1. Note down the nm distance, to one decimal, between modelled labels 7 Å out along Cα→Cβ at residue 23 and at residue 49.
2. Say a site is exposed when it is one of the trypsin sites (Lys or Arg not before Pro), sits in a DSSP loop, and has at most 11 other Cβ atoms within 10 Å; what is then the longest site-free stretch of the chain?
3. Provide Rg and Dmax in Å for the chain, with only Cα atoms included in the calculation.
4. Residues with beta-carbon under 12 Å from that of residue 81, excluding residue 81: net charge, scoring Lys, Arg +1 and Asp, Glu -1?
5. First select every other residue whose beta carbon is under 15 angstrom from the beta carbon of residue 53; then total the charges, Lys and Arg +1, Asp and Glu -1.
6. Using a simple spin-label model with points 7 Å from Cα along the Cα→Cβ vector, what separation in nm is obtained for residue 75 and residue 139?
7. Tally up the carbon and sulfur contribution to the accessible surface of the chain as a whole percent, 1.4 Å probe, everything protein left in place.
8. Expressed as a whole percent, how much of the Cα-Cα distance distribution for segment 23-117 exceeds 21 Å?
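The values are calculated or read from the model by the stated rules, or taken from the named source; none is laboratory data. This is a predicted model, so every value here is computed, not measured. Neighbour counts run over all protein chains shown; Cβ positions are idealised from the backbone, glycine included. Heavy atoms of the whole protein, side chains included, go into the accessibility calculation; ligands, DNA and RNA do not. Shrake-Rupley method; radii C 1.70, N 1.55, O 1.52, S 1.80 Å.
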Amino acid sequence: MRVVVLSDTHAPRRWRSCPPAVAAQLRGAGLILHAGDVCTAAVLDELAAYAPVQAVLGNNDGPDVAAWGAPPELELDLDGLAVAMLHDSGQAAGRLARMHRRFPRAELVIFGHSHIPLDQSAGGLRIFNPGSPTDRRRQPAGTIGLLEIHGGRLAGVSIIAVS
């Protein structure tokens, strides 16, 4: 299963339509995960033209994103892999332990909010922030995440520059 992971698209201020480099990665995805700060449900509709979408609410998301079906947090089984997703995982210090306590069954926790890409593992838990494709802040490029999941295992994890 090929999963594209996005966060912090901040439409319409930062995302007027899907950037071509993001669209190129979305083609062929089996699933798209959005870790919040979509800001308008129209982005989720646009993404759904490529593949099924699951999203969580971010601190900048309005009622239309909630009405679209985005909860504050989500736990999923992706081809046998236990995945949790939320927008804000809190401060960096103690994050892995905190996410393990919050989602004890998860093998992978996806989050956003900081706009800073991160892929970190310890104690049987991997945490992953794809960064932002449209609002890179202090990062060298806008980014998204790509996951390859096969038989309940992460076969590949990438952070892809898209700007």
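1. Spacing of the two 7 Å Cα→Cβ label points: 0.8 nm.
2. On the way: sites that count: 16, 27, 105, 137, 138.
The longest such stretch corresponds to 28-104.
3. Taking only Cα atoms of the chain, I get Rg and Dmax of 14.2, 40 Å.
4. On the way: positive: 105, 126, 153; negative: 75, 77, 79, 107, 148.
That works out to -2.
5. Numbers: positive: 2, 27; negative: 37, 45, 46, 61, 64.
Local charge sum for residue 53: -3.
6. 2.7 nm
7. Numbers: 3640 of 7150 Å².
For the chain, the apolar C and S fraction of the accessible surface comes to 51 percent.
8. Values: 1515 of 4465 pairs.
Of all Cα-Cα distances in segment 23-117, 34 percent exceed 21 Å.
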